[in-house]
Amino acid sequence: MKTFTLFIFALFFSVAIFAQKRNNKEIEDLLKNGTESELVFKSTTLLDDKKFVDAEIIIDKLLTFQPESSNYNYRKGYVLVQLGQKYEAALPYLTIGTAKVSKLYDVYSAKELSAPVDAFYYLGRSYHHMGKLEDAKLFYTQFIEKTDKKSVLIKYATLGLEQCEVAARQIKTPNEGVKVKNAGKTINTKYPEYSPVISLDGTGLFYTICKPWNVKNANEFIDQKTGFYPEDIYTSLLDDKGNWKDPVRMGFSKIDQNEATSAMSIEERFIYSYTDETGAGDIYYSDFKNNKFENPKVFEAKNINTKYWESHLTISPSGNWMYFVSDRPGGFGGRDIYECKRLADGTWGEPVNMGAKINSPFDEESPFISVNEKYFYFASNGPKSMGGFDILYATKDDEDVWGEAVNIGYPLNSFGDDLYYTSTTDGFKGYFTSDRSGGEGEKDIYEVENNYLGIESIAFLKVKVNTVDNLPIPDNYRLVLTCLDCADKKERMVYTRPRDGMLMSLLEPCKTYKLVYQIGEDHQVVFEETIQTDCESVYQEKIGEQLIDIIKKKKVDVEEVEEVQVVAIKEIEATFFYRYNKNKLFVGNREFRKFLKHIEKQLENNSENITIKISSSASTVPTDKYENNLELSRSRAENLKYDIISYLEKNSAYKNRINIVIYESVVDGPEYENDGKNRNKYEPFQFTRIKTEN
């Protein structure tokens, strides 16, 4: 008899396409008035459509009719596996499910008390995830013996048996020099967190969270396949005590769309991400311009994005190699990892499958390359794993050929899914994602320290750029780096990291470098210097600090800074409130004019430049004029910025003396309860706030 379509949930990343709205009324009516036969039929169609959230609701109702039914218990266990891989919760249901199985399982019949033979596979998988290897092997074997020989699950049960053997070997010989710990409650929550990208110096973490926005209709966007909210990219920074600050959602995120972290350029000016706006899911990128990250654009390198699924990408620190994941035809099976080389003209060459040393007949994911480009990390759910996805790595020989990939070992890898490995410059600290037991949510981010994956024979340049006037460093400030005695003498352009003005670049040991610092569209030289990297050090950092006068376009010594100090500008702060759907202040707003007059006076009486920070807010009352409330909030900030510049720069003496930074746009306030006319409730959250800084 027919069984519902099988859905092997081993993806563990960006699985949602667009969030599907639930038909709550239909489900509610069915739960209240539907017969058992109608409920069985509806649950089957929902399972067949992979709408597991509503399917579980109906299955729970079916269990009230027949709590000991192997059929209904199997359905419940199956759904728990699909919704966040809740193997431990699924175990008792699947155990009852295997008590009575039938090859003639009738998926549509309310009289069917048996479960399909597939129940043995999912029970084995549950024991496997929990680390009970002998039980897992028992039920994998029973499934293979009892199922139809055409079952698509046979290859996964066979793989499970192989992975159990790998797991048994790994736990007998754990890596003693590895310490794994949860990244903590600031980073991890009850929602899924994954795909971390750590900055090379370990001070910034970019990652993906599936959690609701603070809006009334957030639940409309829950994905029926996974039970998760759409993916958004967040960032967290280390404070002075080495603790992670509260994460902040990237401004380009959209409430109804998946944006997931993939990679970050060294200077953190390019974010590569997965977005499901086109195709089956493609790679996008966001560029940092005008003090903010632009909306993501599709990555247009030839033959990278296709009509198939491209889920993850990383680019080597040198910028010469790209590695990405695709399930396009012609691979070894499932998702494979491909590589591209940058050509002499700066474009990317044709993608090449990385071959059997890396790819398996199953799924590979999340490529990452070390800073010396000698270690290649990725995740595989193939026969080298000890269960689910494991992190593997390969090394490159002297002829630039990748060797056979090996398992990175236990306890970094677990019996569940472990992937998205990323490390800091020296290789001794990394971050990865795991759904192992003991986490805060369905999957968490973990920190790992090791004593055997360190990077050797490498130098790293770190120069902190400061300004005497507290103006942000312009986008066109750059370092032109040239190796004077390398085989490749091509100039390298290095730009400052937006969040702190750090210039960072990889160097070769035992080499001489010319450093030319430039500013402006005409690339005026600020100053030059030459440095020599050490020949003997295994790992070295060349650290410097500089002070720049942005207006005069020159480097400044500490003594000069003291000479140009004047009376400090007095800080001024003001808040302006808006009516519903409005994004501009009323013409002639007295408080706004008063603020501008204060700024004029400060500019007239002081030689210092002025930085103005703008924050904006929209309430949770749904907007019918803008794409969403966050867009309304952002437009308020942008309009205010434009109005300030337009007014002040009418006086040519003030031109280039005002820097305006939009540092926060949010949606805030109490949940909307169809009471939009309650101005006292919502207007306090309809505002822009401006503050000067000296």
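The values are calculated or read from the model by the stated rules, or taken from the named source; none is laboratory data. The structure presented is a predicted model; accordingly, all values stated were derived computationally and were not measured. With ideal geometry, Cβ positions are generated from the backbone for all residues, glycine too; neighbour counts draw on all protein chains shown.
Check E559 against each of (1) in the same structural domain as T530 (by TED's automatic domain parsing); (2) part of a loop (DSSP other than H, G, I, E, B); (3) at pLDDT below 85 and name the one condition it does not meet.
Result: E559 passes all but (2).
Got at least one residue in the range 123-136 being buried (at least 23 other Cβ atoms within 10 Å of the Cβ), closer than 21 Å to Q163 by Cβ, in contact with a His (Cβ under 9 Å, 6 or more places away or on another chain) and not assigned by TED's automatic domain parsing to the domain that holds Y229?
Checked the range 123-136: at least one residue is buried (at least 23 other Cβ atoms within 10 Å of the Cβ), closer than 21 Å to Q163 by Cβ, in contact with a His (Cβ under 9 Å, 6 or more places away or on another chain) and not assigned by TED's automatic domain parsing to the domain that holds Y229.
Give me a count of the residues in the range 446-465 that are assigned to a strand (DSSP E or B) and among the acidic types (D, E).
Adding up the residues that qualify gives 2.
In the range 304-319, which residue that is at pLDDT below 95 and among the hydroxyl-bearing types (S, T, Y) is nearest to the chain's Cα centre (by Cα)?
So, considering only residues that are at pLDDT below 95 and among the hydroxyl-bearing types (S, T, Y), the one nearest to the chain's Cα centre (by Cα) is S311.
Show me the strands (runs of 3 or more DSSP E) found entirely inside the range 150-255 where at least 3 residues are among the hydrophobic types (A, V, I, L, M, F, W, C), in contact with a helix residue (DSSP H, G or I) (Cβ under 9 Å, 6 or more places away or on another chain) and over 28 Å from L123 (Cα atoms).
Fully inside the range 150-255 and qualifying: nothing.
Go over the candidates E528, E491, E541, E521 one by one and state the one that is within 20 Å of F288 (Cα to Cα), out of contact with any Cys (no Cβ under 7 Å at 6 or more places or on another chain) and surrounded by fewer than 18 Cβ atoms within 10 Å (Cβ to Cβ).
Just one listed residue meets the conditions, E521.
Go through the range 221-246 residue by residue and tally those that are touching a strand residue (DSSP E or B) at 6+ places or on another chain (Cβ under 9 Å), more than 16 Å from S665 (Cβ to Cβ) and of a type outside the set (S, T, Y).
Residues flagged as touching a strand residue (DSSP E or B) at 6+ places or on another chain (Cβ under 9 Å), more than 16 Å from S665 (Cβ to Cβ) and of a type outside the set (S, T, Y) within the range 221-246 amount to 7.
Does K211 count as surrounded by 14 or more Cβ atoms within 10 Å (Cβ to Cβ), of a type in the set (K, R), over 17 Å from the mean Cα position of the chain (by Cα) and under 25 Å from L83 (Cα atoms)?
No: the conditions fail for K211.
Of the residues in the range 59-77, how many are touching a Lys or Arg at 6+ places or on another chain (Cβ under 6 Å) and either hydrophobic (A, V, I, L, M, F, W, C) or on the phi > 0 side of the Ramachandran plot (or both)?
Total meeting the criteria: 1.
Against the condition touching a Ser or Thr at 6+ places or on another chain (Cβ under 6 Å), surrounded by fewer than 19 Cβ atoms within 10 Å (Cβ to Cβ), not assigned by TED's automatic domain parsing to the domain that holds S370 and not in a loop (DSSP other than H, G, I, E, B), how does K514 come out, does it pass?
For K514, the condition - touching a Ser or Thr at 6+ places or on another chain (Cβ under 6 Å), surrounded by fewer than 19 Cβ atoms within 10 Å (Cβ to Cβ), not assigned by TED's automatic domain parsing to the domain that holds S370 and not in a loop (DSSP other than H, G, I, E, B) - is met.
Among all residue pairs at least 6 apart or on different chains, which show Cβ distances below 6 Å where the first residue, located in the range 273-297, is on the phi > 0 side of the Ramachandran plot and surrounded by fewer than 22 Cβ atoms within 10 Å (Cβ to Cβ) and the second is part of a loop (DSSP other than H, G, I, E, B) and among the charged types (D, E, K, R)?
The qualifying pairs are G279/K307.
Considering only residues that are out of contact with any Phe, Trp or Tyr (no Cβ under 6 Å at 6 or more places or on another chain) and either in a loop (DSSP other than H, G, I, E, B) or acidic (D, E) (or both), which ones fall in the range 659-682?
E664, P670, E671, Y672, E673, N674, D675, G676, K677, N678
Taking the residues in the range 320-365 that are of a type in the set (V, I, T) and part of a strand (DSSP E or B) as candidates, determine which candidate is farthest from the chain's Cα centre (by Cα).
That would be V352.
Contact list please: Cβ distance under 6 Å, first residue in the range 210-227 and more than 24 Å from I187 (Cβ to Cβ), second residue of a type in the set (A, V, I, L, M, F, W, C) and not in a loop (DSSP other than H, G, I, E, B), pairs at least six apart or on different chains.
Cβ pairs passing all conditions: Q224/V53.
If you take the residues of the range 647-666 that are of a type in the set (S, T, N, Q) and in contact (Cβ under 8 Å) with a residue 24 or more places away in the chain, which of them is farthest from M250 (Cα to Cα)?
Checked the range 647-666; the qualifying residue farthest from M250 (Cα to Cα) is N651.
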